[in-house]
């Protein structure tokens, strides 16, 4: 296999070239101090030529923020199959190899530096998932240009809705290949979902009803991390070069969602939602308004900015890709129920079950609530408030909570995830339970992230109001949470995730997603 255009591996990545050029002409590329994007805007009194010399992020004219330097041309981020035929392919390989060879994690020119940003600052399952990662990729792309000394280098994307197989350049374990990483799976068919692109999801931000951001983050974003496994199933996922192509595609699909129209609504740039900044380090930030649109502030666009119309043909032929079609409920396990109780100043546990261990089998957890709790759930599902005698608080929303969640040794490596359903029927199309809903996904990536940010066993929450607005008292009396296992071509066996408690909570907060 060849890398770096027409040059063989030995010519593209000789050790002497990597280290000699990094130490000489490219040495400044791994020692500069990053400038927050806001600082660019405050230095307009500096002459343009001097400013370009002083500001590392402006090393490539085509990449300068359009809002700062009006009139500069836009960069096009290309799909991998196109990008690898371009002159910038060799630049990308050189930049990645050079950054991996830099052992100083405090140096922006090192690979570990950018991984540590993700570990310490990334927002997952909270607001600004899309926006923070857009700024993250923008800053990283500029660092790649600086290391490669190539102002035209751009981040490519991997369109897995066209081909769900990792590009072959990432799967060759040759010692000179900087794109290779150990992974559990290289086909992501089972991770793909069309749900985020439904015309019913017309709001953008987390917290709104029928919102795009939380739906997309759940699948295909999280599920792809889980299925690929290896570093991708951890908070250190940027160590795997495919991370950057995955997130470029995530960013592209956000652009496509906006462009699709059909009633889809983004908060206006003047909306308070865009106030403030994202943080990447104590000194590296980006104004949220700069991530509202890629063209006007950040100066780039994508080769293809249309939403996928269907799952790829390769995915349709794989049974696991049907994971997002409601299956029949798996067998009910035997679990010890936990009683109703106040769990915080804003939440009340209606019902729960203890010590749920997940393995290669799918399983259901049945939790019949008390009469009072069941009536309260029914009221909230009908869009009304409800009170519980024991707390005296008015509750407005319902969440499924997984508490004290831990990964086993087998579970950490990835290669699997679970779809989480509420009240699946015992048999498909059974009239005995007319309301069932896929409320989210669960896998090692979510658990690792929640554990890291919490500093201990994870707690994960899934909002259910938006899915089951008309659930009846009879259906609530047989409340069931089903964990439906989804596997890649390679998957771990045995226990993978241990959950201390699965419970259904009432909340006094109005939470929609």
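A compact table of results
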quantity	calculated
Members of segment 326-378 that are assigned to a helix (DSSP H, G or I) and either at pLDDT 95 or above or out of contact with any helix residue (DSSP H, G or I) (no Cβ under 6 Å at 6 or more places or on another chain) (or both)	371, 372, 373, 375, 376
Residue in segment 192-205 that is at pLDDT 95 or above, within 17 Å of residue 414 (Cα to Cα) and assigned by TED's automatic domain parsing to the domain that holds residue 89 present	yes
Out of 160, 89, sole residue that is touching a residue at least 24 places away in the same chain (Cβ under 8 Å), in the same structural domain as residue 267 (by TED's automatic domain parsing), assigned to a loop (DSSP other than H, G, I, E, B) and farther than 29 Å from residue 273 by Cα	160
Extreme residue, farthest from residue 140 (Cα to Cα), among residues of segment 298-325 that are in contact with a strand residue (DSSP E or B) (Cβ under 8 Å, 6 or more places away or on another chain) and at pLDDT 95 or above	304
From the options 219, 233, residue that is closer than 22 Å to residue 442 by Cβ, in contact with a strand residue (DSSP E or B) (Cβ under 6 Å, 6 or more places away or on another chain) and assigned by TED's automatic domain parsing to the domain that holds residue 105	219
Residue check, residue 219 in contact (Cβ under 8 Å) with a residue 60 or more places away in the chain, within 13 Å of the chain's Cα centre (by Cα), surrounded by 24 or more Cβ atoms within 10 Å (Cβ to Cβ) and closer than 30 Å to residue 398 by Cβ	yes
All positions within segment 186-202 that are in contact with a strand residue (DSSP E or B) (Cβ under 8 Å, 6 or more places away or on another chain) and surrounded by fewer than 20 Cβ atoms within 10 Å (Cβ to Cβ)	186, 195, 202
Of the criteria (1) assigned to a loop (DSSP other than H, G, I, E, B); (2) under 22 Å from residue 446 (Cβ atoms), which one residue 270 fails	(2)
Check on residue 151, closer than 15 Å to residue 238 by Cα and not in a helix (DSSP H, G or I)	no
Selection within segment 382-395 - out of contact with any helix residue (DSSP H, G or I) (no Cβ under 7 Å at 6 or more places or on another chain) and closer than 23 Å to residue 459 by Cβ	390, 391, 393
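Here's the yes/no breakdown for (1) modelled with pLDDT under 95; (2) out of contact with any helix residue (DSSP H, G or I) (no Cβ under 7 Å at 6 or more places or on another chain); (3) farther than 29 Å from residue 118 by Cα; (4) surrounded by 17 or more Cβ atoms within 10 Å (Cβ to Cβ):
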residue: 440; (1), (2), (3), (4): yes, no, no, yes
residue: 444; (1), (2), (3), (4): no, no, no, yes
residue: 447; (1), (2), (3), (4): no, yes, no, yes
residue: 456; (1), (2), (3), (4): yes, yes, no, no
residue: 464; (1), (2), (3), (4): yes, yes, no, yes
residue: 474; (1), (2), (3), (4): yes, yes, yes, no
residue: 480; (1), (2), (3), (4): yes, yes, yes, yes
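Yes or no, residue by residue, for (1) buried (at least 21 other Cβ atoms within 10 Å of the Cβ); (2) within 25 Å of the chain's Cα centre (by Cα); (3) on the phi > 0 side of the Ramachandran plot:
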residue	(1), (2), (3)
76	no, yes, no
98	yes, no, no
104	no, no, no
110	yes, yes, no
114	yes, yes, no
117	no, yes, no
124	no, yes, no
128	no, yes, yes
133	yes, yes, no
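The values are calculated or read from the model by the stated rules, or taken from the named source; none is laboratory data. If you're wondering where the values come from, they're calculated on a predicted model, not measured in any experiment. With ideal geometry, Cβ positions are generated from the backbone for all residues, glycine too; neighbour counts draw on all protein chains shown.
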